[in-house]
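Engineer: Have a look at this one before I ask anything.
Please treat every number below as a calculation from the coordinates, not as lab data. Computed from a predicted structure; not experimentally measured. Because the Cβ atoms are built from the backbone with ideal geometry, glycine has one as well, and the counts that use them run over all protein chains shown.
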């Protein structure tokens, strides 16, 4: 009787270990690879965002300094408006491209 009881416990232990290994293989391994791609995507998004902000800042400074006396006095706010409109266009184009890609994959 003892031999069959210890064999049964061994089989239960092996079954539990098999289930644990299977769960790790089927959940953790794919999750790690997905997180790697998400990390690269987030890193790329941060760098693109910073680059876009620097380009917009450059456009603002270009309008303020290289246009002579066009935007002085009462029109000193106009370079900010132009930069804001350019930024809004960039955001709108980005959103349209993002939606277009999502629907095309379906």
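Engineer: Out of 50, 86, report the one residue that is free of Cβ contacts under 8 Å to residues at least 24 places away in the same chain and surrounded by 10 or more Cβ atoms within 10 Å (Cβ to Cβ). Can you show your working first?
Structural biologist: Values: 86 fails: free of Cβ contacts under 8 Å to residues at least 24 places away in the same chain.
When all the criteria are applied, what remains is 50.
Engineer: So, in region 7-32, how many residues would count as being surrounded by 10 or more Cβ atoms within 10 Å (Cβ to Cβ) and under 30 Å from residue 94 (Cβ atoms)?
Structural biologist: Adding up the residues that qualify gives 2.
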